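> The structure's right below; bear with me while I get my questions together.
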There are 2 protein chains.
Amino acid sequence: MRILVIGSVAAGTSAAAKARRNTEKAEIVIYDKDRDISYSACGLPYYIGSTIPSRDALTPRDEKWFKERYQISIHTRHEVLSIDPAKKTIKAVNLETKQPIIDHYDRLIIATGAIPKTPPIPGKNKKNVFQLRNVENADAIREYILEHQAKSAVVIGSGFIGLELLENLMSRGLKVTIIEKEDQLMPTMDGDIAKYLEHYLLSQNIDIVFNETVQEIQGNDTTLDIVTSSGKSIKADLAIFAVGVRPNVTLAQQVGIQLGETGAIRVNEKMQTNIEHIYAVGDCTEAYSILTKKPMYHPLGSTANKMGRIAGDQITGGDLTFRGILGTGIFKVLDQAIAKTGLSEREALNLGYDIETLVNIKPNHPAYYPNSSQLVIKAIADRNSRKLLGAQIIGQDGVDKRIDVLVTAMTFGAKVDDLFHLDLAYAPPFATTKDPILYTGMVLENAMVKGRKLITAQQLNQKIINKEPVIIIDARVEKQYDSDHIEGAINIPLKNIRQKAHDIDRDKPIITYCNKGVTGNAAQNILLNFGFKDVYNLSGGFKNYRTLY
Amino acid sequence: MRILVIGSVAAGTSAAAKARRNTEKAEIVIYDKDRDISYSACGLPYYIGSTIPSRDALTPRDEKWFKERYQISIHTRHEVLSIDPAKKTIKAVNLETKQPIIDHYDRLIIATGAIPKTPPIPGKNKKNVFQLRNVENADAIREYILEHQAKSAVVIGSGFIGLELLENLMSRGLKVTIIEKEDQLMPTMDGDIAKYLEHYLLSQNIDIVFNETVQEIQGNDTTLDIVTSSGKSIKADLAIFAVGVRPNVTLAQQVGIQLGETGAIRVNEKMQTNIEHIYAVGDCTEAYSILTKKPMYHPLGSTANKMGRIAGDQITGGDLTFRGILGTGIFKVLDQAIAKTGLSEREALNLGYDIETLVNIKPNHPAYYPNSSQLVIKAIADRNSRKLLGAQIIGQDGVDKRIDVLVTAMTFGAKVDDLFHLDLAYAPPFATTKDPILYTGMVLENAMVKGRKLITAQQLNQKIINKEPVIIIDARVEKQYDSDHIEGAINIPLKNIRQKAHDIDRDKPIITYCNKGVTGNAAQNILLNFGFKDVYNLSGGFKNYRTLY
């Protein structure tokens, strides 16, 4: 059997290596039009920032390594131009010698990856306007910064890559401006979580321009003049587009391989395309959501590796199948980590779910133990099934742990009621006695099953704007209320609420709040236990409200 | 309804607070013979080490707080002497005034906690021989160290508390010797994982005395002379017993409350004892294993809180039930974290499971990203059900994350095949593209289902001792083999194994190995694919083998 693979970064090499692990009875050949193989694309921003000091650290494996270990032949700088499924051949060209090649396959794996989107604007081809797809792009950015002693940069786009670039350009001493066409950072996340990051970045003197696109890039090799849709002009030594990627499906489309609704190659659970003997894996390939079973395009190295391993196994007689993804993502920017899995609030609402939304603000470990820091966990659950639908977390430490626990729970179809019972590891350096994950489940369960209803900051704000007849009770101590409070709120410190309860109008909806939610919930409990019917606690408390309004 | 609670640390206050959250229609009273309430017992070692600087940080809540917030009355320094279930009363005494009290209950919650074991040896009552049960004990240790400018200590016992004490005594500048009666540290964990910690502690100049008990403590208030079972004499300024705890069940026993086989109070899933209207929660109470359904005694603040909340809910009409524990534990000693969940290898074997054992050594995040460090993950799975039975992890960073992911997976009955598919959060600062958790599942699945059999270091060592006819292949490069290798191993570097395969005896069992397992597995794959039948890869590779032998 002869296995050909097109693409040698994550998915292609995973597929080839897995095939070889399963059998010695196959010829395995990989073609790639680039020079570099088997590197971590997710490491590229850190290579630009010199956090990863050397090119070798980023690209530890070469053709020789694959040959010696796996008897896999990798031809770099070879572009595959076309596929002939009838003859089971591919036509390629050696980009160095221009020599054409025809090669035969029994099984073909397409791992052509993704390509950065670049809007068609004047000036985008200037020498100091970059995108970041491969190691050579990263080399070019590094070299430009060094040669021109660049002092400033504009990053266009504020997704995960854009914000990782921000950190790494800053670590090289550049002043960075971010241009984002939406009204929030990280448009795949909800606006409230994005707001936490926005406040943080502003505190770090980052310039952020919202609601603007780039219309034109003027200037020259040393100083650019980036003109935005509103006519702003931003000067910078270089600019990098980080406005997302699209699947590289040109080759697949030419031969009639079906794309899915996301525009990426549609495959079945065995990673097979609609054309016999042709598989697709990695960033050119469509995945699907474990939660909704709907197609998803969420290109990432971890998923690419999974897909590659599954295809390699299938081709060589194995039975591994793809089980879908949650769309988990995480990134670090300066000392904050931001993670998401499953659906955002917006996505869940768009899909028609009846949801409960919690903003849970908790320390990552007890305040009495050094370096305790705050986690903001936003969790979305389905009121009908009580299953978790998604989570977003921002914080300094322990974000990756909590998102991975939620990923694992959600993979097994966890209901919110399951979280409290988890026997998670507890010791003061690592967690609170009740981990934030347990609280997340407890509060959602109380809201959905036990009548301890939640109201989000956005919902409360809308009620205030609409001048709805609600009673807002600030349950904090007087000093906190006097320092700042929600418009129209009355102050009944928790310790007084039992005596004051009879003065409160029972016919109006009541909203309780404190700083982060716990004391507000205590006040809510007392009122409900006193027979009040319509009492909501403000999710995330005043702290969350003030972050947004 | 009148609810009485005996004990005001974790479980008792949790029960009382949950009861109040559910209803205003109850009188809730807590009795405790100690002075301090609602503190983190797990924080005590850190208070001794001044990592937690003040007593107030450790005991943030007082009687007034519980009164104002929850209308809960707490009587400290009140010892409950007896219970009369027929009359539903308790008899207590105010330890300050000696005044006796009779109080009535509708529901009684026993949360009497645990007490440290202290062997009955001469000298154990000396002023500078301590145990660590409550804040006052910690105060006494702190004061003794300060007043006597103590320079050295002996910690008797090397469980989690003993090793946390070690760290904290060191942070106060004391030279510490550990005395452990078993032949390994942390006797609840497997010896191989304990060995990693042992090597580390020895590298930090800690003295460890194994296989010895303390026979007598001689000396005086300033210098102790600790005499061990072999007649060794160890001089130190103070000694602390940390040889485990036992449930404090004196009161329960007096009234005929049944104990379980672990010696702790037996309860049902509602936390009810065998006597009507009497509940038990926390460190005096027996739990049970999610995995084996058998009784377990595993006292810990996180479980105590769960039990308390469940009892409080049940008493006030709620339906929360206890779902068992995995026996998860974690602790930090200096810069190492050690965690365990589920069964150890020894425990699984004793229970009669047919197990697969993996030692998986992986970086917590990519080597190219700064501060990458090593995780050693030992995982045990059931060959029949393919379910995970337990895990133990040691490493510098990311231990808590991996154990919590495994806890969550095991809670949902995960099979080893499920781990590879988890869509865990990936970015270079947080994880490798394939997280160590994924590898753990992959290797175990390959071993159990795909014929990629594993052999443990202990099993290989036994074969070497027994002079069994096995071929041991060191698949590393020649230089590594020459520097050190397993006795009797031949060196066939991976890149040569395809050519050399025909020279290898097909009739003998073959064991392949490399440094950590990956290249050994590659060699194993090649030989199996060449038709060899009986090929094992050494779990954890040479690195793990040399840690043990």
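The values are calculated or read from the model by the stated rules, or taken from the named source; none is laboratory data. Here the structure is a predicted model, which means the values were calculated and not measured. We place every Cβ from the backbone using ideal geometry, glycine too, and count neighbours over all the protein chains shown.
> Out of segment B:120-143, which residues are touching a strand residue (DSSP E or B) at 6+ places or on another chain (Cβ under 6 Å) and under 18 Å from residue B:32 (Cα atoms)?
Passing the criteria: only B:133.
> Another one. Need a quick list: strands (runs of 3 or more DSSP E) entirely within segment A:246-348 having at least 2 residues that are away from every other protein chain (no Cβ under 14 Å) and among the aliphatic types (A, V, I, L, M).
Of the strands (runs of 3 or more DSSP E) lying wholly inside segment A:246-348, those with at least 2 residues that are away from every other protein chain (no Cβ under 14 Å) and among the aliphatic types (A, V, I, L, M) span A:278-280.
> Out of the residues in segment B:356-391 that are in a loop (DSSP other than H, G, I, E, B) and without any contact (Cβ under 8 Å) to a residue 60 or more places away in the chain, which is farthest from the other protein chains (Cβ to nearest Cβ)?
Of segment B:356-391, the ones in a loop (DSSP other than H, G, I, E, B) are B:364-373, B:383-386.
This time we only want the ones that are without any contact (Cβ under 8 Å) to a residue 60 or more places away in the chain, so: B:367, B:370-373, B:384-385.
Details: B:367: 8, B:370: 6, B:371: 10, B:372: 11, B:373: 15, B:384: 20, B:385: 16 Å.
Step by step, filter segment B:356-391, then rank; the result is B:384.
> Right, here's the next one. So which residues in segment A:99-148 are under 25 Å from residue A:306 (Cα atoms) and over 26 Å from the mean Cα position of the chain (by Cα)?
A:105, A:106, A:107, A:108, A:109
> May I ask you to verify whether residue B:130 is crowded, with 19+ Cβ neighbours inside 10 Å and closer than 26 Å to residue B:457 by Cα?
Taking the combined requirement at face value, the residue does not satisfy it.
> Would a scan of segment B:245-267 turn up a residue that is among the polar types (S, T, N, Q), over 30 Å from residue B:395 (Cβ atoms) and either crowded, with 19+ Cβ neighbours inside 10 Å or touching a Phe, Trp or Tyr at 6+ places or on another chain (Cβ under 9 Å) (or both)?
Yes, segment B:245-267 has at least one match.
> A further question follows. When you scan segment A:487-534, how many residues do you find that are assigned to a loop (DSSP other than H, G, I, E, B) and more than 27 Å from residue A:374 (Cα to Cα)?
12
> In segment B:493-549, how many are at positive phi and surrounded by fewer than 18 Cβ atoms within 10 Å (Cβ to Cβ)?
Quick first cut of segment B:493-549, residues at positive phi only: B:517, B:531, B:540-541.
Now drop any that are not surrounded by fewer than 18 Cβ atoms within 10 Å (Cβ to Cβ), which leaves B:531.
Final tally of qualifying residues: 1.
> Moving on to the next point. Take segment A:293-323 and flag every residue that is within 16 Å of the chain's Cα centre (by Cα) and either under 22 Å from residue A:388 (Cα atoms) or not polar (S, T, N, Q) (or both).
Result: A:296, A:297, A:298, A:299, A:300, A:301, A:303, A:304.
> From B:311, B:379, grab the single residue that is surrounded by 19 or more Cβ atoms within 10 Å (Cβ to Cβ), under 22 Å from residue B:517 (Cα atoms) and not assigned by TED's automatic domain parsing to the domain that holds residue B:539. Let's see the steps before the verdict.
Details: B:311 fails: under 22 Å from residue B:517 (Cα atoms).
One residue alone meets the criteria, B:379.
> Return the residues of segment A:360-380 that are among the aliphatic types (A, V, I, L, M) and over 19 Å from residue B:56 (Cα atoms); say none if nothing qualifies.
A:361, A:375, A:376, A:377, A:379, A:380
> Can you name the number of the only condition in (1) surrounded by 23 or more Cβ atoms within 10 Å (Cβ to Cβ); (2) more than 22 Å from residue A:43 (Cα to Cα) that residue A:153 fails?
Result: residue A:153 passes all but (2).
> Find all pairs meeting these conditions: Cβ atoms under 6 angstrom apart; at least six residues apart or on different chains; first residue within segment A:329-343 and of a type in the set (Lys, Arg); second residue buried (at least 23 other Cβ atoms within 10 Å of the Cβ) and assigned to a strand (DSSP E or B).
A:340/A:329; A:340/A:392
> For segment B:463-495, which residues satisfy the criterion of being among the polar types (S, T, N, Q) and either modelled with pLDDT under 95 or under 26 Å from residue B:360 (Cβ atoms) (or both)?
If the condition is that a residue be among the polar types (S, T, N, Q) and either modelled with pLDDT under 95 or under 26 Å from residue B:360 (Cβ atoms) (or both), then B:480, B:483, B:491 are the ones that fit.
> To continue, here is another question. Considering only segment A:411-467, state which residues are more than 26 Å from residue B:303 (Cα to Cα), among the β-branched types (Val, Ile, Thr) and in a loop (DSSP other than H, G, I, E, B).
First pass over segment A:411-467, keeping only residues more than 26 Å from residue B:303 (Cα to Cα): A:453-467.
Among the residues that remain, those that are also among the β-branched types (Val, Ile, Thr) are: A:455-456, A:464-465.
Of everything in segment A:411-467, just one residue is more than 26 Å from residue B:303 (Cα to Cα), among the β-branched types (Val, Ile, Thr) and in a loop (DSSP other than H, G, I, E, B), namely A:456.
> Scan segment A:487-522 for residues that are within 36 Å of the chain's Cα centre (by Cα) and either free of Cβ contacts under 8 Å to residues at least 24 places away in the same chain or under 15 Å from residue B:23 (Cα atoms) (or both) and jot them down.
Those that are within 36 Å of the chain's Cα centre (by Cα) and either free of Cβ contacts under 8 Å to residues at least 24 places away in the same chain or under 15 Å from residue B:23 (Cα atoms) (or both): A:487, A:518, A:521, A:522.
> To continue, here is another question. Residue B:492 - would you say it is over 17 Å from residue A:65 (Cβ atoms) and more than 14 Å from chain A (Cβ to nearest Cβ)?
For residue B:492, the condition - over 17 Å from residue A:65 (Cβ atoms) and more than 14 Å from chain A (Cβ to nearest Cβ) - is not met.
Yes/no per residue for (1) more than 12 Å from chain A (Cβ to nearest Cβ); (2) farther than 28 Å from residue A:331 by Cβ; (3) charged (D, E, K, R):
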{"position": "B:393", "(1), (2), (3)": "no, no, no"}
{"position": "B:397", "(1), (2), (3)": "no, no, yes"}
{"position": "B:406", "(1), (2), (3)": "no, no, no"}
{"position": "B:414", "(1), (2), (3)": "no, no, no"}
{"position": "B:422", "(1), (2), (3)": "no, no, no"}
{"position": "B:434", "(1), (2), (3)": "no, no, yes"}
{"position": "B:461", "(1), (2), (3)": "yes, yes, no"}
{"position": "B:467", "(1), (2), (3)": "yes, yes, yes"}
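> Now for a separate question. Is it the case, given these coordinates, that residue A:83 is over 32 Å from the mean Cα position of the chain (by Cα) and in the same structural domain as residue A:256 (by TED's automatic domain parsing)?
yes
> Moving on to the next point. Picking from B:497, B:504, which residue would you name as being outside the structural domain of residue B:362 (by TED's automatic domain parsing) and in contact with a strand residue (DSSP E or B) (Cβ under 7 Å, 6 or more places away or on another chain)?
B:504
> Inside segment B:183-215, can you point out the residues that are in a helix (DSSP H, G or I) and of a type outside the set (Phe, Trp, Tyr)? Can you show your working first?
Our first condition is that a residue be in a helix (DSSP H, G or I); within segment B:183-215, this holds for B:191-203.
Selection gives B:191, B:192, B:193, B:194, B:195, B:197, B:198, B:199, B:201, B:202, B:203.
> Something else about it: When you go through A:418, A:423, A:474 one by one, which is the residue that is in contact with a Ser or Thr (Cβ under 9 Å, 6 or more places away or on another chain), buried (at least 21 other Cβ atoms within 10 Å of the Cβ) and in the same structural domain as residue A:373 (by TED's automatic domain parsing)?
A:423
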